[in-house]
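K.L.:
Once you've had a glance at the structure underneath, I'll fire off some questions.
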């Protein structure tokens, strides 16, 4: 029976070739439905499917993570989010790109030790020895900035995540695209919320870790706060790795602000918040970068209570296909619930915004390939430039001007505060903006 079928198929193919050779060039015929499988087909004689006819292609993502060093906590969670997406794609057998390709991802990654010099060494290796097709940034603006130079030098598209500084995108790069809300907008919402809570408040202290990201964020917040009529009574930085904030806190007390905004990353933010509480510093409002949204921040106990933090994303975020339709943009990827459930199942912990950012970076690259119909870098850049989508992580669209190419302009921050549930246990609540709030802000906190 198989021989008879094979001969029939060959005869039909020959006849088709003969007809096509005689035909004049015309528009391609409308596609027709594929014939049903023969009645005698069994599991031993599988029927060809459209997916089986796709050519499998594996593309390599190159990136580093801070498995050690000062950025360890947030970086590992970012890496977890990206790993989740890669595993989901590969477990599904890949995703279709164009009419003939089924793309899966491989990854090459190294420990950058939270060190800029090592980042540049490793991203050069990823580009020249590991032949990474695309790159994802390391965590933190300083490390991402160091990697972006290498990616652009070797013509590799890089999606940055865990990196908010605006200045990276002011250097004329054409293949570097930002996932996070830029640093210049990080603490703007805190200023707006503060004035909403207490229009009579006048004095604020702005402090920051002496690193690229924190300095960019707090400098922009200072300009905005002063434009709103607030008096900045202290504007000062502290060294990365500071473990004793006593002398620094004394300066804050002497300046007598009503509110404190700023900070840096997880390690310093956690220590800073604990020592502010231990010293009983009287402040009506505290908003710190990076540390408060992390689930581990709750380990501070009472010192965490009332602290507000800007977050790129929270599990309570209400992004949905319905919200996308209302906004007139395309929805892409899993829902918030689907992402959270998958992450918890994989890592046995609640995802932080760093986790969501890692996943979103890979999702952006996947969507660009689908839209471009190819993995060709120039076509992908065009797809990224045209992208305007809503995802579980929020809206994604990029600045396409020469002055700030790749800067994220679609995504917005949310602000969380550590409050207490009915049983007295600490819990995160979204307290700003009002349209996304899950609870009213506690004010004043001390």
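K.L.:
So how far apart, in nm, are the two label points at residue 420 and residue 320 if each is 7 Å from Cα heading toward Cβ?
P.N.:
Each label point lies 7 Å from its Cα, and together they span 3.3 nm.
K.L.:
If you take all C-alpha pairs in the stretch 66-197, what percent of them are over 20 Å apart?
P.N.:
52 percent
K.L.:
Quick one: 331, 418, 313, fewest Cβ neighbours within 10 Å first, how do they rank?
P.N.:
The order, fewest Cβ neighbours first, is 331, 418, 313.
K.L.:
Pick from 430, 340, 329 the residue whose mean-square fluctuation is largest in a GNM of the chain, springs joining Cα atoms under 10 Å.
P.N.:
Maximum among the listed residues: 329.
K.L.:
Same structure again: Strictly greater than 18 Å: what percent of every Cα pair in the stretch 114-182 meets that?
P.N.:
26 percent
K.L.:
With both partners inside the chain, how many of the DSSP beta bridges are antiparallel, as a percent to the nearest 5?
P.N.:
35 percent
K.L.:
Would you work out the relative contact order for the stretch 51-150, in percent, from Cα pairs under 8 angstrom that are 6 or more residues apart?
P.N.:
41 percent
K.L.:
From the convex hull of the Cα coordinates of the stretch 130-220, what is the mean projected area in square nanometres?
P.N.:
Convex hull of Cα atoms, orientation-averaged projection: 6.7 nm².
K.L.:
Considering the chain as a Gaussian network with a 10 Å cut-off on Cα pairs, which listed residue, 188, 207, 108, attains the greatest mean-square fluctuation?
P.N.:
108
K.L.:
Per 0.36 nm of contour for each residue apart, how much would the distance between residue 296 and residue 446 grow if the chain were fully extended, relative to their Cα-Cα spacing?
P.N.:
This chain segment gains 51.8 nm when fully extended.
K.L.:
Over the Cα atoms of the stretch 77-151, what Rg and Dmax result, in angstrom?
P.N.:
14.0, 42
K.L.:
Using every alpha carbon pair in the stretch 290-423, what percent of pairs falls into each 10 Å bin from 0 up to the bin containing the largest distance?
P.N.:
11, 36, 32, 15, 5, 1
K.L.:
Pairs of alpha-carbon atoms within less than 8 angstrom and 6+ residues apart define the contacts here; what relative contact order does the stretch 94-249 have, in percent?
P.N.:
Contact order relative to length: 15 percent.
K.L.:
If you take the Cα Rg of the stretch 192-330 and divide it by 2.2 N^0.38 Å, with N the number of residues, what do you get?
P.N.:
My calculation over the Cα atoms of the stretch 192-330 gives 1.14.
K.L.:
Please report the relative contact order for the chain, taking Cα pairs under 8 Å with a sequence separation of at least 6, and give it as a percent rounded to a whole number.
P.N.:
Relative contact order of the chain: 16 percent.
K.L.:
Roughly what % of DSSP beta bridges within the stretch 262-397 run antiparallel, to the nearest 5?
P.N.:
50 percent
K.L.:
Express as a percent, rounded to the nearest 5, the fraction of DSSP beta bridges in the stretch 53-161 (both residues included) that run antiparallel.
P.N.:
So the antiparallel bridges amount to about 15 percent of the total.
K.L.:
To continue, here is another question. Å³ per residue of the Cα convex hull, for the stretch 269-325?
P.N.:
In the stretch 269-325, the Cα convex hull volume per residue is 87 Å³.
K.L.:
Also: Relative to a virtual label point 7 Å from the Cα of residue 376 in the Cα→beta-carbon direction, which members of the stretch 104-120 show backbone nitrogen distances below 11 Å?
P.N.:
Zone members listed by number: none at all.
K.L.:
Still on this structure, I have one more. Which value in deg cm²/dmol, rounded to the nearest 500, describes the helix-derived mean residue ellipticity at 222 nm for the chain, given -39,500 (n - 2.57) per DSSP H run of n ≥ 4 and division by the residue count?
P.N.:
Taking each H run of at least 4 residues, the total per residue is -12000 deg cm²/dmol.
K.L.:
Moving on to the next point. For q = 0.11, 0.12, 0.16 Å⁻¹, what log10 I(q)/I(0) does the stretch 349-446 give under the Debye formula with an equal point scatterer on each alpha carbon and no solvent?
P.N.:
-0.49, -0.56, -0.80
K.L.:
On each of the three principal axes of the Cα atoms of the chain, give max minus min coordinate, whole Å, ordered largest first.
P.N.:
93, 49, 38
K.L.:
Further question on the same structure: For the stretch 98-137, max minus min Cα coordinate along each principal axis, in Å, sorted largest first?
P.N.:
Here the Cα extents, ordered largest to smallest, are 42, 17, 12 Å.
K.L.:
How many angstrom lie between the C-alpha centres of the stretch 176-249 and the stretch 259-337?
P.N.:
Value for the Cα centre distance between the two parts: 14 Å.
K.L.:
Still on this model: What do you get for Rg/Rh of the stretch 49-112 when both radii come from the Cα atoms and Rh is the Kirkwood radius?
P.N.:
1.13
K.L.:
Translational diffusion coefficient of the stretch 375-422 at 10 °C, 1.306 mPa s, Stokes-Einstein with Kirkwood Rh over Cα pairs, in µm²/s as a whole number.
P.N.:
Calculated translational D: 122 µm²/s.
Values in this text are rule-based calculations from the coordinates and carry no lab data. From a predicted model like this one, the values you see are computed outputs, not experimental measurements. Every residue, glycine among them, receives a Cβ derived from its backbone with ideal geometry; neighbour counts consider all protein chains shown.
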